[in-house]
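The values are calculated or read from the model by the stated rules, or taken from the named source; none is laboratory data. Keep in mind that what you see is a predicted model, and the values were worked out from it rather than measured. Note that we place each Cβ from the backbone using ideal geometry, even for glycine, and neighbour counts take in every protein chain shown. Protein only, heavy atoms only, side chains kept; ligands, DNA and RNA dropped before computing areas. Shrake-Rupley method; radii C 1.70, N 1.55, O 1.52, S 1.80 Å.
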Amino acid sequence: MYPQNNDDAKIILANAVQHVGQSVKVWLTAAGLESELKGKKRVLRKGKSTMHILFPSSFNFSILALESIPNSVRLWKETVNLESSAVDARILLSRAVEVIPQSVELWLTLARLETPKQAKAVLNKARKAVPTSHEIWIAAGRLLEQEAEVPDNNPADRAKELELVDTTIEAGVKELREHQILLTRDQWLKGS
């Protein structure tokens, strides 16, 4: 039996969430049914506890979506993507990396949203959380390189900052070797 309209689909999804609350796909589908962005945020952030607002009040949901499936990188990413505010996205990503500290993708996304100074701090934390990630070292090198390319940098400062890029990448290679991670030159140049 297929739903005839969005209301029928919401009822079916409400039942699905109640019975298969650990399914990221069910939560994302429920969020997708909401026509307004605010509605999507409510479903993803508050999950089951707000379903009684979106669905008939007879449904009793008590666990929040992100609390229900806290280790879902996909659910965190979708929630962050719905944010229109960079500040709110940073807050969500800060929480996401606390919950899933091994997610290189979440760390790198958080670093991209930060100021250069804060991005360095984020990348240092990421490097400690995921010491086998060459992507984090490459992101750190790129960040330093971007800082060196500032137009009003004098040539001496630029040279120092570019030297710091080399030093950082060398430190990355050394640390990765200590963790038995060996990359080819092409892998380093590609950044993957």
Test: residue in the stretch 76-84 that is open to solvent by less than 40 Å² (accessible area, probe 1.4 Å), under 29 Å from Lys25 (Cβ atoms), of a type in the set (Ser, Thr, Tyr) and not in a helix (DSSP H, G or I): no
Considering residues of the stretch 99-138 that are of a type in the set (D, E, K, R) and under 11 Å from the mean Cα position of the chain (by Cα) only, the residue most open to solvent (accessible area, probe 1.4 Å): Arg112
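Yes or no, residue by residue, for (1) touching a residue at least 24 places away in the same chain (Cβ under 8 Å); (2) not in a loop (DSSP other than H, G, I, E, B):
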{"site": "Lys117", "(1), (2)": "no, yes"}
{"site": "Pro131", "(1), (2)": "yes, no"}
{"site": "Gly141", "(1), (2)": "yes, yes"}
{"site": "Ala159", "(1), (2)": "no, yes"}
{"site": "Leu164", "(1), (2)": "no, yes"}
Residue check, Leu176 open to solvent by 60 Å² or more (accessible area, probe 1.4 Å) and among the aliphatic types (A, V, I, L, M): no
Any hit, the stretch 161-180, residues being among the hydroxyl-bearing types (Ser, Thr, Tyr), at pLDDT 90 or above and touching a Gly at 6+ places or on another chain (Cβ under 8 Å): yes
Test: residue in the stretch 166-178 that is free of Cβ contacts under 8 Å to residues at least 12 places away in the same chain, over 12 Å from His134 (Cβ atoms), more than 29 Å from the chain's Cα centre (by Cα) and part of a helix (DSSP H, G or I): no
